[in-house]
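Structure first, commentary second.
Throughout, read-outs are computed from the coordinates displayed, never taken from laboratory work. All of these numbers come straight from a predicted model, not from anything done at the bench. Glycine gets a Cβ as well: all are built from the backbone with ideal geometry, and neighbour counts include every protein chain shown.
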Amino acid sequence: MLMKLLSELRRRNVIKTLAIYTGVVLATLETVSALFPMLNLPPIYATVVAIALLAGFPVVFYISWFFELTDEGLKRTAPSEEAAVTTLGLAQWFGLMVILIGSVLIAYLLYTRIAADMARTAEGQSKVAVAPSIAVLPFRDQSPERDQGYFAEGLAEELTSLLGQRPGLQVAAASSSFITASKGMTPVDAGKSLGVATVLTGSIVVAGDRLKVIVELVDATDGKTLWTQSFSRTLSDMFVMQEEIARSVANLLEDVYLEAGAVKSSAKTASSDAYVLYLKGREQYRKQTTEAMKDARKLFEQAIGVDPEYAQAYVGLADSLVLLASGKSKLGILDPGIAASLAEQNLAKALVRAPELADAYAIQGKVFELQQKVDEVIPAYDKALSLNPNLAIAHMWKYLALEKAGRHIDALDSLEHAYRLDPLSVTTMFNRAFELSRRGRFAEARQQFEQLIDQYPSSPMGHQGLADAAFRNGELALSLAHWHKAMLISPDNVNFQQAYVSMLLMLGLLDEAKPLATDSYYTATRLLLSGDYPALFKEMAFQLQANPDDPWVAFEAGWYEYLVGDANRGQQLLLQALPELSQTDLLSAPMPMCSPGIEIAYALQQAGRQAEADALVQACAGRLTDGVSQGIVDMQQSYLSVRIEALKGNDEAALTALELAFSQGWREWWTARDPVLSRIRALPRAQAVFQQIQAAVATERDKAKALVLNEIAGKKS
């Protein structure tokens with residue numbers, strides 16, 4: 001059968017015709033490969049010619065079966081040697097049409113596939129790796145004057161933001177990426193520190209209104225270059241170039257192919273001058289000092305002056321205003337209400353112009369916090385994260401908001417997201433270690449706080465964290481030592497000084513605390529601990545007269561009366577404070593002690609208002625259950641359990657909880673005087689714990705003198 005077919009192919013000269021056609025194809029392709037580049041024609045033209053010639057093979061084969069090319073032209077081939085030559089029938093013409101259509105279809109499919117592959121290759125988008133994560137390092141400034149650092153860092157921030165919008169990628173926060181660069185890490189070391197598979201790095205040259213950028217994608221495991229590309233644009237085309245780079249990288253790392261225009265920046269301006277001012281503002285913003293933040297505010301305002309339609313500049317201005325608000329953890333020159341109002345106005349302008357700006361919604365959440373619009377805070381962060389799931393600061397702010405709402409499991413999840421994206425941030429490291437500490441995982445917490453100190457010796461936050469962890473574990477002297485170190489690093493930080501003085505007072509080191517406790521903030525505590533009760537109650541009487549409508553002053557005065565004064569007067573003052581306190585005030589200030597709710601529940605119980613007392617106790621028990629179920633395990637939780645069980649009349653459970661609280665680190669001197677424990681105070685087991693607390697504090701006092709006070713005395717001498 002095969003021999004017969006070959007014989008027929010030779011008789012009809014099919015093989016000869018195909019051989020001639022093959023020679024023509026090869027000669028044509030050789031000519032095209034030499035000629036087209038000389039004419040500067042795109043490679044796709046040569047591809048079209050090659051595909052057309054290859055698609056012609058089945059057509060030539062079919063035609064040569066029925067016709068023969070002779071010196072006299074194209075002649076019909078007889079069906080056999082004996083048969084006469086006939087014309088083609090309908091079936092033969094139909095077969096030719098099928099062959100033609102099939103060849104064209106195959107050629108088209110082949111062309112589209114090759115064209116797509118060529119587009120990927122030409123744009124640096126051929127899929128060389130699929131990686132789930134990336135970090136964008138600050139670009140190197142190769143400009144002649146080396147004065148474009150703000151441009152190089154700004155480009156890295158913009159690319160981080162654009163790539164962060166891709167839900168399939170984990171993109172390290174720019175803050176952590178910049179830290180690796182400041183430490184001079186190689187791309188491989190940076191990738192390992194940031195926990196990413198790839199690193200995008202490169203250089204920029206700015207000359208006049210021209211910008212040249214060379215980008216390089218590096219495998220963080222072995223340092224091999226996966227892709228490199230050079231881009232040259234005018235400054236006015238800066239955003240187009242950013243989009244091209246981000247799209248190229250996304251196509252490299254994801255199992256997708258994004259067409260041109262699929263990655264778009266919402267933060268554009270038509271003015272290169274406005275963009276330069278914005279980048280200079282971001283440069284100042286990253287310094288995170290009051291003076292630099294004021295300069296950033298001015299630069300953002302100037303950018304808006306140049307281009308009033310520049311949405312990102314409004315966002316930058318709002319951000320700087322929020323950080324300039326006075327208060328804890330702020331840079332503190334603006335009234336919080338004024339800062340929030342100004343920021344809100346600028347955010348409204350930004351969102352009208354660019355409603356898809358993720359960081360605008362994140363900052364809006366902080367504005368809502370300043371305005372105490374509690375129900376609107378978390379939805380704002382959720383909106384930001386829906387637009388950019390890699391926005392680390394939104395995860396961090398959401399964590400803080402969820403913590404304030406008592407949603408500890410959800411809060412921890414947000415914190416872990418922030419840590420994965422921004423593992424080298426001081427704030428992220430601190431908060432994560434703090435969460436480990438309050439869950440009783442002190443060894444892990446201390447390890448991370450010590451890492452924080454090692455990596456950032458000029459930051460007091462590592463010592464602040466170790467001080468808190470030591471306190472939670474009952475190591476008061478060690479806590480004092482770290483508060484002292486934090487004060488030395490940041491002597492103007494009022495919070496550190498207050499914590500240090502409070503620890504001195506808790507240890508009974510009144511003489512050592514006296515030179516530092518000159519502020520009225522300490523007056524009542526100092527008088528209480530020194531035993532000068534007449535002066536204490538005189539001070540509180542003055543405060544009550546000066547602040548007749550302040551429930552917190554009434555509560556404080558009532559608490560002191562309960563501890564060392566007239567219990568009836570204490571009951572009266574606590575019940576006086578009750579109507580002015582919200583449910584949140586009663587249960588969450590400070591969390592997790594459920595104070596002042598638990599003390600007021602005792603006052604209600606003593607006043608015979610049992611139903612109201614039971615309701616408060618039940619609410620506090622709910623807070624305790626929530627905390628335990630969400631992983632909060634520490635001495636404060638256990639001591640709250642002591643008070644709840646005592647108010648419920650469960651003496652045995654209260655005593656067991658008291659012993660547990662002491663074993664976990666509870667060392668408060670006033671425990672033996674706590675009125676809430678009046679039911680169990682005289683019981684032998686309770687007395688034993690009170691004596692253990694007294695002895696433990698005495699031991700810690702001696703350690704404190706050796707650890708801190710002798711060191712201070714030595715430095716003074």
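Taking every pair of alpha-carbon atoms in the chain, what share in percent sits in each 20 Å bin, from 0 to the bin with the longest distance?
Calculated over all Cα pairs of the chain, the distribution is 13, 35, 25, 14, 8, 4, 1 percent.
Can you compute the equivalent ellipsoid semi-axes for the range 201-315, i.e. the square root of 5 times each eigenvalue of the Cα gyration tensor, sorted largest first and rounded to whole Å? List each step's numbers first, then the result.
Working: eigenvalues 170, 60, 41 Å².
The answer is 29, 17, 14 Å, longest axis first.
Considering the convex hull of the alpha carbon atoms of the range 272-508, report its projected area averaged over all viewing directions, in nm², one decimal. Before the final figure, lay out the partial values.
Working: hull surface 52.6 nm².
Seen from a random direction, the Cα hull of the range 272-508 projects 13.1 nm² on average.
Among Pro460, Met487, Leu299, whose Cα projects farthest towards the positive end of the dipole of the chain, with charges put on the beta-carbon of Lys, Arg (+1) and Asp, Glu (-1)?
Sorting the options by dipole projection puts first Pro460.
Whole-Hz ³J(HN,Hα) for each residue in the range 426-434, computed from phi via Karplus 6.51 cos²θ - 1.76 cosθ + 1.60 with θ = phi - 60°, x for glycine and proline: what do you get?
My calculation for the range 426-434 gives 4, 5, 5, 4, 5, 5, 5, 5, 4 Hz in order.
So what are the three principal axis dimensions of the range 273-320 from its Cα atoms, in whole Å, longest to shortest?
The Cα atoms of the range 273-320 stretch 28, 18, 12 Å along their principal axes.
Counting only other residues whose beta carbon sits under 15 Å from that of Leu677, what net charge do I get with K and R as +1, D and E as -1? It would help to have the intermediate numbers written out before the result.
Numbers: positive: Arg643, Lys648, Arg673, Arg679, Arg681, Arg685; negative: Glu599, Glu645, Asp651, Glu652, Glu659, Glu668, Asp674.
Taking every Cβ under 15 Å from that of Leu677, the sum is -1.
For Ser458 and Val188, FRET efficiency with R0 = 25 Å and r from the beta-carbon atoms, rounded to 0.05? Let's see the in-between values first.
On the way: r = 27 Å, r/R0 = 1.07.
Here the calculated transfer efficiency is 0.40.
List the relative contact order of the range 167-304 as a percent without decimals, with contacts defined as Cα pairs under 8 Å and 6+ residues apart. Intermediate values should be presented prior to the final figure.
Details: 163 pairs, mean separation 18.7, N = 138.
Relative contact order for the range 167-304 comes out at 14 percent.
How high is the relative contact order of the range 520-704, in percent, with contacts defined as C-alpha pairs under 8 Å that are six or more residues apart?
Numbers: 204 pairs, mean separation 24.8, N = 185.
Contact order relative to length: 13 percent.
Quick one: which of 594-607, 554-567 comes out on top by average Cβ neighbours within 10 Å, and what's the full order, highest first? All intermediate terms of the calculation are to be shown ahead of the outcome.
Numbers: 594-607: 22.9, 554-567: 20.9.
Going from most to least packed, we get 594-607, 554-567.
Give me the dipole magnitude in Debye, nearest 20, for the range 520-704 about the Cα centre, with unit charges on the beta carbon: positive for Lys and Arg, negative for Asp and Glu. If you can, show how the numbers build up before the last one.
On the way: 14 positive and 22 negative charges, 86 e Å.
Dipole magnitude for the range 520-704 comes out near 420 debye.
Given the pairs Lys224/Lys298; Lys183/Lys294; Lys287/Lys514; Lys298/Lys373, which span a C-alpha to C-alpha distance of over 31 angstrom in this model? Kindly include the intermediate steps, with their values, before the conclusion.
Working: Lys224/Lys298 43 Å; Lys183/Lys294 27 Å; Lys287/Lys514 36 Å; Lys298/Lys373 28 Å.
Over 31 Å apart, Cα to Cα: Lys224/Lys298; Lys287/Lys514.
So for the pair Glu450, Ala695, with labels modelled 7 Å out along Cα→Cβ, what separation do we get in nm?
Taking the two extended label points, one gets 2.9 nm.
Looking at Leu321, Ile338, Tyr560, which one has the Cα that reaches farthest to the positive end of the dipole of the chain (charges on Cβ: Lys, Arg +1; Asp, Glu -1)?
Comparing the listed Cα positions along the dipole, Leu321 ranks first.
When the Karplus curve 6.51 cos²θ - 1.76 cosθ + 1.60 is applied with θ = phi - 60°, which whole-Hz ³J(HN,Hα) does each residue of the range 607-619 get, with x for Gly and Pro?
Computed from phi, the couplings for the range 607-619 are 7, x, 9, 5, 4, 5, 5, 4, 5, 5, 4, 5, 5 Hz.
Expressed as a fraction of 2.2 N^0.38 Å, the rule-of-thumb size for a compact globular protein of N residues, what is the C-alpha radius of gyration of the range 133-253? Spell out each step's value before the answer.
On the way: Rg = 13.3 Å, N = 121, 2.2 N^0.38 = 13.6 Å.
Working it through for the range 133-253, the quotient is 0.98.
So, counting K/R as plus one and D/E as minus one, what does the shell of residues with Cβ under 12 Å around Ala392 add up to? Mind showing how you got there, number by number?
Working: positive: Lys398, Arg420; negative: Asp359, Glu416, Asp422.
Charge balance near Ala392 sits at -1.
Students often check this: by mean Cβ neighbours within 10 Å, which of 222-232, 618-628 ranks highest, and how do the rest follow? Intermediate values should be presented prior to the final figure.
On the way: 222-232: 14.1, 618-628: 16.9.
For the peptides 222-232, 618-628, the packing ranking is 618-628, 222-232.
Explain nothing, just the number: dipole magnitude of the chain about its Cα centre with +1 on each Lys and Arg Cβ and -1 on each Asp and Glu Cβ, in debye rounded to the nearest 20. Write out the running numbers ahead of the final one.
Values: 65 positive and 80 negative charges, 218 e Å.
Around 1040 debye, computed over the chain.
Report the antiparallel proportion of the DSSP beta bridges in the chain as a percent, rounded to a multiple of 5.
Numbers: 23 of 31 bridges.
The antiparallel fraction comes to roughly 75 percent.
Can you give me the long-range amide H partners of Thr198? Hydrogens built in the peptide plane at 1.01 Å from N, cutoff under 5 Å, separation of 5 or more residues or another chain.
The answer is Ser133, Ile134, Ala135, Ala220.
Between Ala207 and Asp237, what length comes free when the chain is fully extended (0.36 nm per residue of separation minus the Cα-Cα distance, one decimal in nm)? Working shown, then result.
Details: separation 30, 0.36 × 30 = 10.80 nm, distance 1.43 nm.
That works out to 9.4 nm of additional length.
Peptides 170-182, 663-675, 235-247: what's the order by average Cβ count within 10 Å, highest mean first?
Values: 170-182: 22.8, 663-675: 17.8, 235-247: 20.0.
Taking the mean over residues of other Cβ atoms within 10 Å, the ranking is 170-182, 235-247, 663-675.
Quick one: 3J(HN,Hα) in Hz for the range 153-161, Karplus 6.51/-1.76/1.60 with θ = phi - 60°, rounded, Gly and Pro as x.
Couplings: 6, x, 4, 4, 5, 5, 5, 4, 5 Hz.
What share of Cα pairs, in percent, lie more than 20 angstrom apart in the range 520-704?
Numbers: 9537 of 17020 pairs.
In whole percent, the long-distance tail amounts to 56.
Size of the range 353-402 along its principal axes in angstrom, Cα-based, largest extent first?
25, 23, 13
Given the options Tyr399, Ala384, Gly95, identify the residue whose Cα lies farthest towards the positive end of the charge dipole of the chain (+1 on Cβ of Lys, Arg; -1 on Cβ of Asp, Glu).
Of the candidates, Gly95 comes out farthest on the positive side.
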